[in-house]
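The values are calculated or read from the model by the stated rules, or taken from the named source; none is laboratory data. These figures come from a predicted structure and were not determined experimentally. Every residue, glycine as well, gets a Cβ built from its backbone with ideal geometry; the counts of neighbours run over all protein chains shown. Surface accessibility is based on the protein's heavy atoms, side chains included, excluding ligands, DNA and RNA. Shrake-Rupley method; radii C 1.70, N 1.55, O 1.52, S 1.80 Å.
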Amino acid sequence: MSTQRIQTTILIIGAGPTGLAAAISLVKQGVRDLLIVEETVRIAEASRAMTIHAATLEALDSIGCADALVELGIKGSGMQLSDRTAPFMGAEFASLASYTRFPYVLLIPQSSTEKVLEAQLNALNVEVLRAEKAVGLQLNDDGALDVALESGKVITAQYVIGADGARSAVSVILHMGHMKSTSTHLHFEIRQLAGVGFADPDGMPVDERLAQMILADVWFSYSHPNLPTDKVHATASGGRFFLTIPLPKSPESERVYRIGFNVPADAGPPPSNPHVSYLQHHLDEQGPLYLSSDATVNPNPIHISNVVWSARFRTHAAIADQFLVRMGSQAVSGRQTRGLVLLIGDAAHIHSPAGGLGMNLGIRDAVTLGPVLATHAASDHDSLPKNDQLLEDHVRTRKDRALSTIRLTKRIMSIANVLGSASLLGITYWLFRVVGSIPLVRRQVAWNLSGLGNR
Ligand SMILES: Cc1cc2nc3c(=O)[nH]c(=O)nc-3n(C[C@H](O)[C@H](O)[C@H](O)COP(=O)(O)OP(=O)(O)OC[C@H]3O[C@@H](n4cnc5c(N)ncnc54)[C@H](O)[C@@H]3O)c2cc1C
């Protein structure tokens, strides 16, 4: 049987939020010769990211996607970090009003974000090619890239964008130096074990206290007045944290809450889909006391009454050592017009979910890549050197942005750890509490999280 061969200028692998945003951004720049492949059949409901910050909304606005998202989400006024009984510090997003038309953090499940982006892409007459998994990448004799799909098809592209997430097969293939792979089981762990260019930028080992995480969407037995309706609540105590985030409410049902917490390694591996009793146990151990089901610590015990879905994740920080890989030969004036691979989103960088920044960084990688790559792809002999330099500069900037974001998440986690472990009688606890109540500090925290200074 002959192999089906398809030609395109730009191939995007992965239709998560960053792949979709990159496709929209490129089409808005006039690129029509583009394909996007995605291994899953449909968008997963068990979604991870819940927060879209101001700088990302601005980026999404520039490709015509912000308003539809804002309509579906909750305009979150703040993020609050507390111990199990009282708040320490927080971010107040209204303070951003003089810098952006989005002075809030939008609370919206990642699945809704992806649905809006895919609908927007479809409206531009581009369909995601679903149930198509990329399994191989090879430079062909013409200097272009052949991407093998599990279905047996081969797509030949001048540019490949690896937007295939934390377990990036594209990135694994590149960093292992394998120009060709037919494996369908390339996992992030292989890259890690092989030590191939995707590591913590500060050489830190994985922090096993924070690496295992549970996320779940749940209903509570009653609507406690302390439950947030437009804020993210994070509780830190004894090296453990617990998140409570309201989901957009439908008129016909009670509000669903996203909860998330870490499971330290010494507590053993969590089940893959934790059930009510596992979630309740951890909520009682590390959540805010007002949500406890234990009548000895909470006069009005409250229970998780239902679980919509739940899942476990592993998180840690890592960054690819190259975001742009030139697989082809130097074509014009020492520059290349094809055989280029770009990594964006989780394929290029991952970190802890502290501050809800990961998807935000990836979407901004994607939206900002559009104009630069469209210009590069349209280069002629004379304009290529300049446009190639623009692409190099862009990639360097994105790497700097990723490094600052990774380091911000590390600072957030270390503050949460210090606060969570500080004695109520100790000076650190009270110092942080006083500092955290200063409006200027709360505004600065909002600014750092918004991404407006790190677009
Ligand atoms: C527990 C947890 C909580 C988080 N919370 C937040 C938050 O609140 N805010 C935030 O901003 N971020 C958060 N994140 C991070 C966020 O989920 C990611 O940064 C985001 O999903 C990255 O998007 P992406 O498109 O780069 O990758 P992904 O979302 O992983 O998408 C990659 C896509 O590529 C497809 N794919 C993979 N391999 C192939 C292949 N070989 N061929 C074809 N298709 C392929 C996958 O099926 C997938 O659809 C969280 C992450 C975790 C783990």
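Is it fair to say residue 307 is surrounded by 16 or more Cβ atoms within 10 Å (Cβ to Cβ) and not polar (S, T, N, Q)? Give the derivation first.
Working: surrounded by 16 or more Cβ atoms within 10 Å (Cβ to Cβ): yes; not polar (S, T, N, Q): yes.
Answer is yes for this residue.
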Select, from 397, 337, the only residue that is in contact with a helix residue (DSSP H, G or I) (Cβ under 7 Å, 6 or more places away or on another chain) and surrounded by fewer than 24 Cβ atoms within 10 Å (Cβ to Cβ). 337
Select from segment 149-159 the residues that are over 11 Å from residue 37 (Cα atoms) and either modelled with pLDDT under 85 or aliphatic (A, V, I, L, M) (or both) and list them in ascending order. 154, 157
Could you check, for segment 126-134, whether at least one of its residues is open to solvent by less than 20 Å² (accessible area, probe 1.4 Å), farther than 30 Å from residue 4 by Cα and modelled with pLDDT of 95 or more? no
Report yes if some residue within segment 353-363 is within 16 Å of the ligand (Cβ to nearest atom), over 19 Å from the mean Cα position of the chain (by Cα) and over 28 Å from residue 10 (Cα atoms); otherwise report no. no
Under 7 Å between Cβ atoms, which residue pairs at least 6 apart in sequence (or on different chains) link something in segment 304-315 that is in contact (Cβ under 8 Å) with a residue 60 or more places away in the chain with a partner that is open to solvent by 30 Å² or more (accessible area, probe 1.4 Å) and part of a strand (DSSP E or B)? 305/219; 306/219
Yes/no for residue 385 being in the same structural domain as residue 258 (by TED's automatic domain parsing), surrounded by fewer than 17 Cβ atoms within 10 Å (Cβ to Cβ) and away from the ligand (no atom under 16 Å from the Cβ): no
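May I ask you to say which residue of 123, 46, 66 is over 15 Å from the mean Cα position of the chain (by Cα) and open to solvent by 20 Å² or more (accessible area, probe 1.4 Å)? Steps first, answer last, please.
Values: 46 fails: over 15 Å from the mean Cα position of the chain (by Cα); 66 fails: open to solvent by 20 Å² or more (accessible area, probe 1.4 Å).
Answer to the selection: 123.
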Which pairs have Cβ atoms under 8 Å, sit 6 or more apart or on different chains, and link a residue in segment 237-254 that is closer than 17 Å to residue 107 by Cα to one that is charged (D, E, K, R) and more than 16 Å from the ligand (Cβ to nearest atom)? 246/255; 247/255; 249/255
Options 353, 371, 385; residue that is farther than 26 Å from residue 62 by Cα and either among the hydrophobic types (A, V, I, L, M, F, W, C) or touching a residue at least 24 places away in the same chain (Cβ under 8 Å) (or both): 385
Based on this model, can you work out whether residue 116 counts as of a type outside the set (Gly, Ala, Ser), assigned by TED's automatic domain parsing to the domain that holds residue 63 and farther than 29 Å from residue 65 by Cα? no
Residue within segment 337-355 that is among the basic types (Lys, Arg) and modelled with pLDDT under 95 present: yes
Qualifying residues in segment 5-21 (those that are more than 8 Å from the ligand (Cβ to nearest atom) and touching an Asp or Glu at 6+ places or on another chain (Cβ under 8 Å)) - the one farthest from residue 60 (Cα to Cα): 8
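So that you can scan it fast, the table gives a plain yes or no per residue for (1) open to solvent by less than 10 Å² (accessible area, probe 1.4 Å); (2) in the same structural domain as residue 52 (by TED's automatic domain parsing); (3) touching a Gly at 6+ places or on another chain (Cβ under 9 Å):
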| position | (1), (2), (3) |
| --- | --- |
| 231 | no, no, yes |
| 235 | yes, no, yes |
| 250 | no, no, no |
| 262 | yes, no, yes |
| 284 | no, no, no |
| 287 | yes, no, no |
| 303 | no, no, no |
| 321 | no, yes, yes |
Test residue 342 against the criterion of being under 25 Å from residue 164 (Cβ atoms) and either in contact with a Lys or Arg (Cβ under 7 Å, 6 or more places away or on another chain) or free of Cβ contacts under 8 Å to residues at least 12 places away in the same chain (or both), and give yes or no. no
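If we scan segment 413-425, do we find a residue that is within 16 Å of the ligand (Cβ to nearest atom) and either closer than 30 Å to residue 95 by Cα or open to solvent by 10 Å² or more (accessible area, probe 1.4 Å) (or both)? Before you say what the answer is, go through the steps one by one.
So the first thing to find is which residues in segment 413-425 are within 16 Å of the ligand (Cβ to nearest atom), and the list is 413, 416.
Retained after the next criterion (residues that are either closer than 30 Å to residue 95 by Cα or open to solvent by 10 Å² or more (accessible area, probe 1.4 Å) (or both)): 413, 416.
For segment 413-425, residues within 16 Å of the ligand (Cβ to nearest atom) and either closer than 30 Å to residue 95 by Cα or open to solvent by 10 Å² or more (accessible area, probe 1.4 Å) (or both): present.
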Residue in segment 71-105 that is nearest to the chain's Cα centre (by Cα), counting only those that are crowded, with 20+ Cβ neighbours inside 10 Å and β-branched (Val, Ile, Thr): 105
